[in-house]
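The values are calculated or read from the model by the stated rules, or taken from the named source; none is laboratory data. Just so it is clear, the model here is predicted, and its values are computed rather than measured. Positions of Cβ are backbone-derived with ideal geometry, glycine not excepted, and every protein chain shown enters the neighbour counts.
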Amino acid sequence: MRKRSIAVGCGRAAATAALWAVFVGCERRDPLPRPAAAPSAAESPNPRPSPAPVAERSVRDPFTPSAHGFAFQNHFPGVGLPTALVGTGSNIVDANAFGLCGGMSAAAADFFLAKRPVPTLDAPPVRGTALYEYLYLRQAESIGPGIAGGLKFVEWMRFSDDELRERTRQELVAIREAIEARGVAPIGLVLARFGGPPRARAASDNHQVLALRVVDGNTHPSIEIYDPNFPGDDSVRIDLDGFSRGPGVVGHRVRQFGRPTPVRGVMLMPYEPRTPP
């Protein structure tokens with residue numbers, strides 16, 4: 001069973017808690033048993049990365065999740081507060097867990113556009129290391145600027161499936177353009193609605209992934225993705241079958257092995273490349 005991160009409330013409690021859940025609680029899998037990874041050069045302390053955009057990459061050199069995605073899962077032990085508040089050891093002693101799907105998606109795009117291989121860790125980086133802090137920074141930036149991305153998730157959760165279908169049609173145009181420009185595009189998946197069923201009712205049940213290609217099928221388009229929840233899996237995609245089926249969810253996240261997940265809406269997320277550490 002997935003664990004939820006702790007939501008923080010201070011003034012305007014409902015909105016703050018919802019936005020905090022978007023920030024640190026994206027949908028994630030329970031971790032697979034893995035041996036502890038030895039520290040690598042990528043885990044050594046490093047200054048804050050440069051905000052200067054990297055050069056755009058040709059779409060003729062495609063992103064492949066098994067080659068360009070991180071080998072570890074989107075499952076970070078501890079609480080999703082900044083390291084300065086909780087210390088570097090809290091992710092070991094705390095029983096909670098949280099996700100950094102937006103940070104992992106943006107960081108994978110950064111490494112790809114910079115034509116650099118991702119670090120070869122097969123377990124999530126430890127809090128306080130350069131890679132962890134970079135993923136956390138990119139997660140924070142994924143809901144900006146001005147938390148606009150987080151507010152958009154909360155807003156879309158209130159819409160009906162029919163409304164989200166039309167909004168997704170509009171967003172798909174922008175997603176295509178972003179992929180054509182850079183070869184990749186971080187996108188948000190609205191999986192939840194307020195008052196919905198378990199595991200699909202909270203802001204923390206939504207998700208962020210990296211869109212790689214839009215494929216036009218005979219009846220509906222699909223978006224091939226890198227999903228941080230499924231490291232090394234090149235089969236994951238979003239089938240927008242709701243475009244052809246009428247009333248209901250806009251589509252499903254599908255993969256070669258595993259049950260399809262209903263997707264209520266798809267949106268383009270804000271993204272500017274950074275030079276990774």
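Since Glu155 meets every condition but one in (1) touching a residue at least 60 places away in the same chain (Cβ under 8 Å); (2) within 28 Å of Gly195 (Cα to Cα); (3) not polar (S, T, N, Q), which condition does it not meet?
If we test Glu155 against (1) touching a residue at least 60 places away in the same chain (Cβ under 8 Å); (2) within 28 Å of Gly195 (Cα to Cα); (3) not polar (S, T, N, Q), just (1) comes out false.
Of everything in the range 162-183, what is in a helix (DSSP H, G or I) and of a type in the set (Gly, Ala, Ser)? Give them in sequence order.
Ala174, Ala178, Ala181
What number of residues in the range 229-277 are more than 27 Å from Leu135 (Cβ to Cβ), assigned to a loop (DSSP other than H, G, I, E, B) and of a type in the set (D, E, K, R)?
Here the count works out to 2.
Among (1) at pLDDT 95 or above; (2) under 18 Å from Cys26 (Cα atoms); (3) in a helix (DSSP H, G or I), which single condition is Ser66 missing?
(2)
Just give me the residues in the range 199-220 being surrounded by fewer than 24 Cβ atoms within 10 Å (Cβ to Cβ) and in contact with a strand residue (DSSP E or B) (Cβ under 6 Å, 6 or more places away or on another chain), in sequence order.
Those that are surrounded by fewer than 24 Cβ atoms within 10 Å (Cβ to Cβ) and in contact with a strand residue (DSSP E or B) (Cβ under 6 Å, 6 or more places away or on another chain): Arg213, Val214, Val215.
Taking the range 119-161, which residues are buried (at least 19 other Cβ atoms within 10 Å of the Cβ) and assigned to a loop (DSSP other than H, G, I, E, B)?
Those that are buried (at least 19 other Cβ atoms within 10 Å of the Cβ) and assigned to a loop (DSSP other than H, G, I, E, B): Pro119, Leu121, Pro124, Pro125, Val126, Arg127, Thr129, Ile143.
When you check Arg182 against the structure, is it surrounded by 15 or more Cβ atoms within 10 Å (Cβ to Cβ), more than 30 Å from Pro277 (Cα to Cα) and in contact with a helix residue (DSSP H, G or I) (Cβ under 8 Å, 6 or more places away or on another chain), yes or no?
So Arg182 fails the test.
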